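One structure below.
The values are calculated or read from the model by the stated rules, or taken from the named source; none is laboratory data. Small disclaimer: the values here were computed from a predicted structure and weren't measured. Cβ: placed from backbone, ideal geometry, glycine included. Neighbour counts: every protein chain shown. The protein model used for the area step is the full one, side chains on, heavy atoms only, and it has no ligands, DNA or RNA in it. Shrake-Rupley method; radii C 1.70, N 1.55, O 1.52, S 1.80 Å.
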Amino acid sequence: VQLQAYGGGLVQAGGSLRLSCAASGRTFSSYVMGWFRQAPGKERELVAAISGSGRSTNYADSVKGRFTISRDNAKNTVYLQMNSLKPEDTAQYYCAARPFMSITTTENDYDYWGQGTQVTVSS
């Protein structure tokens, strides 16, 4: 599986961005997909994850109510809608794929990674 993330950019606090991650391959719907982020000097953390069917999701407490993960299996694409952005959301955002049914929050459980897209939120 190859992943291509895009959609990052510079936005003011309170603004919105939508990240997209396009995946190659014919078995996209069998993968759990996750969005992770890493800020300078910090460890990479899970932001949100979604099951293959899209029926189950998991969010970091820091983004609950502001971010929404979704997927379109017909387009082999997963999205991260980010609203009410804060300066502390500034980070490199990565999409990742896990070839199993269950959602996990551990980055080592994800086998495939995209190249990352930068999100910068100004105050």
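Values for this structure:
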read-out	value
Taking only Cα atoms of the chain, radius of gyration then Dmax in Å	13.2, 42
Estimated inter-spin distance, GLU43 and SER84, nm [label 7 Å along Cα→Cβ]	2.7 nm
Separation of alpha-carbon centers, segment 85-123 and segment 15-47, rounded to whole Å	4 Å
Contact order relative to length of the chain, as percent, for alpha carbon pairs under 8 angstrom and 6 or more apart	37 percent
Label-point gap, in nm, between GLN2 and SER102 - each point 7 angstrom along Cα→Cβ	3.2 nm
Most to least accessible of GLU43, GLU88, GLU107 (protein chains only, probe 1.4 Å)	GLU43, GLU88, GLU107
Proximal lysines relative to LYS75, as straight alpha-carbon distance under 26 Å, when same-chain residues fewer than 8 apart are discounted	LYS64
Where a label projected 7 Å from the Cα of GLN12 along Cα→Cβ would reach, residues of segment 61-86 with amide N under 19 Å	82-86
Sulfur and carbon atoms: percent of accessible area, the chain [1.4 Å]	44 percent
Solvent-accessible area of THR106 with every protein chain in place, 1.4 Å probe, in Å² to the nearest 10	70 Å²
Per residue, in Å², the accessible surface of the chain once ligands and nucleic acids are set aside, probe 1.4 Å	51 Å²
Neighbourhood charge, 12 Å Cβ-Cβ cut-off, centred on GLY54 and excluding it, Lys, Arg +1 and Asp, Glu -1	+1
Integer Hz, Karplus 6.51/-1.76/1.60 couplings in order for segment 45-51, x for Gly and Pro	9, 6, 9, 7, 9, 9, 6
